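To keep things clear, I will list the structure first and then write my remarks on it.
The values are calculated or read from the model by the stated rules, or taken from the named source; none is laboratory data. Bear in mind the structure is a predicted one, so any value in this text is a computation, not a measurement. Cβ placement follows ideal geometry from the backbone for every residue including glycine, while neighbour counts extend to all protein chains displayed. Quick note on the areas: whole protein, heavy atoms, side chains included, nothing else; ligands and nucleic acids left out. Shrake-Rupley method; radii C 1.70, N 1.55, O 1.52, S 1.80 Å.
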Amino acid sequence: MRVLLFIVVIITSISCNNSSSEKQIPNKTNRESIRQDIIGIWELFKRSYKPTEEPKLVEPNDKEYLEIKNDGTCQHGRYEAKWFLSYTDDFIIDSTSKVFFTELTYLSPNSWGEYDRTIKPYQIKVTTENNIKYLYITSLKSSDTRVYIRKN
């Protein structure tokens, strides 16, 4: 009986340790690595507008570019924005990433002196397949997904 109790305690301890490590926010080194991975020029490769759709290839005449700069700014088409990363210790939409890319636009006041800021939060993931880097961006507002390929 004692042996059985000992085995149960060991298994419970190991499973608790494994689950707690999965819920940790990335350490500073990992956060800096993630930041450096996303900085650059990205070309839109696939997109889907509904969570139930698989991302589809983008037509050659519909190419879009996203430039994420090291100074905390980004440019998507002709729109400039500020960006920052945030992290969570749990998955929000699915189990692909705990990293969030947030885009802030319209930071200057309009002609009436009012601010009409737009905040666009995305869940992001960077992967490498066959020496090609992919950036997966999923909107937390609309759940649409965009897949970009690194261009530089």
Residue within the stretch 129-137 that is surrounded by 12 or more Cβ atoms within 10 Å (Cβ to Cβ), at pLDDT below 90 and either closer than 28 Å to T52 by Cβ or touching a strand residue (DSSP E or B) at 6+ places or on another chain (Cβ under 6 Å) (or both) present: no
Selection within the stretch 114-128 - open to solvent by 70 Å² or more (accessible area, probe 1.4 Å) and touching a Phe, Trp or Tyr at 6+ places or on another chain (Cβ under 6 Å): D116, R117
Selection count where residues are surrounded by 14 or more Cβ atoms within 10 Å (Cβ to Cβ), among the charged types (D, E, K, R) and out of contact with any Cys (no Cβ under 7 Å at 6 or more places or on another chain), scope the stretch 83-113: 1
Test: residue in the stretch 89-103 that is in contact with a Phe, Trp or Tyr (Cβ under 7 Å, 6 or more places away or on another chain) and over 21 Å from N27 (Cα atoms): yes
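For S111, indicate whether it is outside any strand (DSSP E or B) and over 27 Å from T29 (Cβ atoms).
Working: outside any strand (DSSP E or B): yes; over 27 Å from T29 (Cβ atoms): yes.
It is true that S111 is outside any strand (DSSP E or B) and over 27 Å from T29 (Cβ atoms).
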Residue list for the stretch 1-43, restricted to those being open to solvent by less than 70 Å² (accessible area, probe 1.4 Å), under 24 Å from Y87 (Cα atoms), at pLDDT 80 or above and not small (G, A, S): I34, D37, I38, I39, I41, W42
Of all residues in the stretch 116-147 being more than 12 Å from the chain's Cα centre (by Cα) and among the hydroxyl-bearing types (S, T, Y), the one that is nearest to D37 (Cα to Cα): T128
Residue list for the stretch 137-152, filter: in a strand (DSSP E or B) and either closer than 10 Å to F45 by Cβ or among the charged types (D, E, K, R) (or both): R146, V147, Y148, I149, R150
Top-ranked residue in the stretch 79-112 [being hydroxyl-bearing (S, T, Y) and in contact with a Lys or Arg (Cβ under 9 Å, 6 or more places away or on another chain); ranked as modelled with the lowest pLDDT]: T96
